[in-house]
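S.K.: The structure under discussion is supplied below as C-alpha cells; questions concerning it will follow.
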Amino acid sequence: MSSNYYNILIADDEDIEREALKMIVGSSGLPFSSLHEAKNGREALDISEKSKIDIMILDINMPKLSGLQVLEMLRAKGDDAKVIISTAYDEFAYAVKALQFGAVDFLVKPVLDENLIESLKKCIERLDEEKEREKKLTRIEDYLKVSQKKINLDNEPDQVRQTCSYIESNYDKRIGLEEIADDLKISKFHLSRIFKSAMDMTVIDYLTKIRMEKAKELLALTKESVKIIAFRTGFSDPNYFSLTFRKYSGLSPLQFRAKAIREK
C-alpha cells in the first residue's frame, strides 16, 4: 500500500455514473485524501486549475469540453495528472488518441469495479515512482551541491561572461585556451589576463571545474563507464581523466560513484 495520499477528480455529466464511480473509489481502500467531482469538461478543467489533482477519471462524451479535450488541454499547460478515460464507445480511435496524450487507461462503460481499481492502482504506482525519483534526485543534488549559488557574473566584463558561457556549452569538446580565444575572436593573452583578474582562476581551471562537476553528475546519476564519461566531458584519455578527477575531488571516479550511491 502506498504511503502517499492523492487527490482524485471524477468528471461525468451523468449523475448515476458519477455516483457509481464515487462509490467504487470510496470503497477501494486506496490512499485518496480528497475526491472532487465535475459535471462537464469545463468544470473539470476549472477544478484542476484551482486544486492540485493527481488522478482524473474523465468521461469522453461531456458537454462544453470532452474528456479528450480536457486531457489535451491539461498536457498543453504541462499538467501531468494521471488520467483514466471512460466512455460508452468502444472505439479504437478514441483509445489511441487517449494514449497519445498520456492517459493511463481507457475503460469502456459500464466500468467494472475491478477494472477501475486496477487502473487506479496503476496511477498510484506511477505517482509513487515519480515521487521517489524526485526524492532521489533531491538527495543527489544535495550531495553534489549543484543547488548552491552559481558564480555571479553580472558585473564582470562581457568577454569573461562570453568565455564562461562558451565553456559551459562546449566543455565536452576538445578545446583549450587557443580554441576558446579563436572562437570568441579574442587574443589569448588578453583573455588570460582579464579572466584571471575577474575570476581568480585561469580559463583552463574554469574549464576543468565545469568538466569535473559534470563528471560528478554523470557518475552519480548514470551507469555509464568511466571511459564513456571521460569522452563525454572532453577527455580523449580516460586515464588522464581519472587522474584529473582524483586531483579535483580527492577520490577516483569509481570511489566517488560508490560514495554517491551510499548517500542516496
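S.K.: For the subset of the range 89-98 comprising residues that are in a loop (DSSP other than H, G, I, E, B) and either over 11 Å from I60 (Cβ atoms) or not hydroxyl-bearing (S, T, Y) (or both), which member is least open to solvent (accessible area, probe 1.4 Å)?
M.R.: Among those that are in a loop (DSSP other than H, G, I, E, B) and either over 11 Å from I60 (Cβ atoms) or not hydroxyl-bearing (S, T, Y) (or both), it is E91.
S.K.: Would the range 25-34 turn up any residue that is more than 20 Å from D128 (Cα to Cα), touching a Phe, Trp or Tyr at 6+ places or on another chain (Cβ under 7 Å) and open to solvent by 60 Å² or more (accessible area, probe 1.4 Å)?
M.R.: no
S.K.: Across the range 59-88, what is the number of residues that are more than 25 Å from the chain's Cα centre (by Cα) and either of a type outside the set (D, E, K, R) or assigned to a loop (DSSP other than H, G, I, E, B) (or both)?
M.R.: Counting residues in the range 59-88 that are more than 25 Å from the chain's Cα centre (by Cα) and either of a type outside the set (D, E, K, R) or assigned to a loop (DSSP other than H, G, I, E, B) (or both) gives 11.
S.K.: A follow-up question, please. Just a yes or no: is a residue in the range 69-76 touching an Asp or Glu at 6+ places or on another chain (Cβ under 6 Å) and open to solvent by less than 30 Å² (accessible area, probe 1.4 Å)?
M.R.: No, the conditions are met nowhere in the range 69-76.
S.K.: Do you know which residues across the range 217-261 are within 29 Å of the chain's Cα centre (by Cα) and charged (D, E, K, R)?
M.R.: Across the range 217-261, the qualifying residues are E217, K223, E224, K227, R232, R257, K259.
S.K.: Looking for something assigned to a loop (DSSP other than H, G, I, E, B), modelled with pLDDT of 90 or more, under 20 Å from P157 (Cα atoms) and among the charged types (D, E, K, R) - is there at least one such residue anywhere in the range 178-187?
M.R.: yes
S.K.: Also: Suppose we filter the range 124-144 for residues that are at pLDDT below 65 and surrounded by fewer than 13 Cβ atoms within 10 Å (Cβ to Cβ); how many remain?
M.R.: 1
S.K.: Next up: Can you tell me how many residues within the range 244-261 are surrounded by 14 or more Cβ atoms within 10 Å (Cβ to Cβ), assigned to a helix (DSSP H, G or I) and of a type in the set (A, V, I, L, M, F, W, C)?
M.R.: Number of matching residues: 3.
S.K.: Okay, next question. What single numbered condition from (1) farther than 30 Å from D158 by Cα; (2) among the hydrophobic types (A, V, I, L, M, F, W, C); (3) free of Cβ contacts under 8 Å to residues at least 60 places away in the same chain; (4) crowded, with 19+ Cβ neighbours inside 10 Å fails to hold for A215?
M.R.: (1)
S.K.: Of the residues L221, L184, L207, only one is among the aliphatic types (A, V, I, L, M) and touching a residue at least 60 places away in the same chain (Cβ under 8 Å); which?
M.R.: L221
S.K.: Another question, then. Only one of E168, E224 is within 27 Å of E134 (Cβ to Cβ), acidic (D, E) and either open to solvent by 80 Å² or more (accessible area, probe 1.4 Å) or assigned to a helix (DSSP H, G or I) (or both); which?
M.R.: Of E168, E224, the one residue that is within 27 Å of E134 (Cβ to Cβ), acidic (D, E) and either open to solvent by 80 Å² or more (accessible area, probe 1.4 Å) or assigned to a helix (DSSP H, G or I) (or both) is E168.
The values are calculated or read from the model by the stated rules, or taken from the named source; none is laboratory data. Here the structure is a predicted model, which means the values were calculated and not measured. Virtual Cβ from ideal backbone geometry, glycine too; neighbours counted across all protein chains shown. These accessible areas exclude ligands, DNA and RNA; they are computed on the full protein's heavy atoms, side chains included. Shrake-Rupley method; radii C 1.70, N 1.55, O 1.52, S 1.80 Å.
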